[in-house]
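Report on the following structure.
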């Protein structure tokens with residue numbers, strides 16, 4: 001009777017105990033395979049995120065062009081992409097030689113500057129302890145760690161090409177990829193899916209806008225300030241500072257090191273003044289200017305931001321550090337929308353007409 005009852009339940013559409021076991025095993029196996037694929041292809045996924053950020057930039061610029069010129073959407077996007085490359089090429093054409101000379105000069109001066117800094121540190125007991133802690137194996141290990149941060153699977157130029165092409169493809173037909181993501185969402189949750197995608201898009205747009213303006217602003221401030229103080233290769237140092245603005249917290253301290261070391265050759269007072277100038281300018285830009293620009297970016301706890309940068313540095317090097325903040329923002333939005341808000345069913349779901 002028992003076997004007949006089990007057979008009848010199975011015939012009605014229910015799974016037997018053995019069937020449920022195999023179903024569970026299959027789900028776990030699929031989960032493990034997905035985790036392994038993500039682990040192996042993590043850098044590729046990060047490049048896809050970087051390409052999406054590039055597309056966000058092209059779309060933001062294209063929207064501005066469309067509003068100002070009343071051109072069609074397609075032509076606005078074409079001007080956005082082509083104009084960005086033309087402006088970049090013109091800047092490199094006029095400033096490339098000067099930047100190249102200053103970077104070469106900086107490369108030549110840094111070794112001597114480091115030796116000067118070591119000589120000054122060795123004059124005090126605390127300085128000697130600092131030098132001892134970073135000499136020998138510790139120094140070699142630090143250099144190997146720093147080099148590993150800038151080692152990627154395809155090489156720097158290969159990564160840049162891939163990210164640029166991904167950004168262009170995402171810009172050319174964004175609805176194709178957005179609709180592809182929404183296909184994976186159950187029909188009754190389509191409105192929520194659109195809301196999550198829109199919220200992530202706004203957050204990334206706010207982060208990117210804030211970063212670009214902050215990078216430009218800090219580059220100008222550092223270039224002018226170091227030029228007035230009389231620090232050599234001010235433009236190269238300013239460009240390094242502007243690029244490292246992509247890495248909150250850590251980037252500010254890293255950018256300050258070569259500037260302070262070069263100022264140290266001019267005197268201890270000059271080095272202290274340059275260090276104060278770096279700290280004040282970075283603080284104003286990071287804590288006043290950037291938050292005002294990034295109104296649509298969610299507030300990220302500083303400790304969590306730093307932890308995410310350290311984790312991404314260990315996992316994926318320089319690209320991971322740069323994309324740690326937008327990736328953290330995406331994770332927080334997903335947790336908030338798909339878990340935290342789902343625990344409060346009394347809150348109304350987003351309306352469909354507001355998400356189109």
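Points to keep in mind about this one:
- Meets criteria (at pLDDT 70 or above, over 22 Å from residue 235 (Cβ atoms) and surrounded by 14 or more Cβ atoms within 10 Å (Cβ to Cβ)) for residue 43: yes
- Screening the candidates 276, 240, 288, 222 for the property of being farther than 24 Å from residue 329 by Cβ and out of contact with any helix residue (DSSP H, G or I) (no Cβ under 7 Å at 6 or more places or on another chain) yields one hit, 276.
- Just one of the numbered conditions (1) more than 30 Å from residue 314 (Cβ to Cβ); (2) over 18 Å from the mean Cα position of the chain (by Cα); (3) modelled with pLDDT of 75 or more is not true of residue 9: (3).
- Scanning segment 209-227 for residues that are more than 17 Å from residue 282 (Cβ to Cβ) and either modelled with pLDDT of 85 or more or buried (at least 20 other Cβ atoms within 10 Å of the Cβ) (or both) yields a single hit, 227.
- Restricting 50, 29 to those that are assigned to a helix (DSSP H, G or I), at pLDDT 80 or above and either in contact with a strand residue (DSSP E or B) (Cβ under 6 Å, 6 or more places away or on another chain) or farther than 30 Å from residue 81 by Cα (or both) reduces the list to 29.
- Against the numbered list (1) under 16 Å from residue 217 (Cβ atoms); (2) surrounded by fewer than 21 Cβ atoms within 10 Å (Cβ to Cβ); (3) touching a residue at least 24 places away in the same chain (Cβ under 8 Å), residue 280 comes up short only at (3).
- Residue match in segment 86-99 (condition: crowded, with 16+ Cβ neighbours inside 10 Å and free of Cβ contacts under 8 Å to residues at least 24 places away in the same chain): no
- Residue within segment 347-355 that is exposed (fewer than 13 other Cβ atoms within 10 Å of the Cβ), modelled with pLDDT under 80, part of a helix (DSSP H, G or I) and in contact with a helix residue (DSSP H, G or I) (Cβ under 6 Å, 6 or more places away or on another chain) present: yes
The values are calculated or read from the model by the stated rules, or taken from the named source; none is laboratory data. As the structure is a computational prediction, the values presented were derived from the model and not from experiment. Cβ atoms come from the backbone with ideal geometry, glycine included; neighbour counts cover every protein chain shown.
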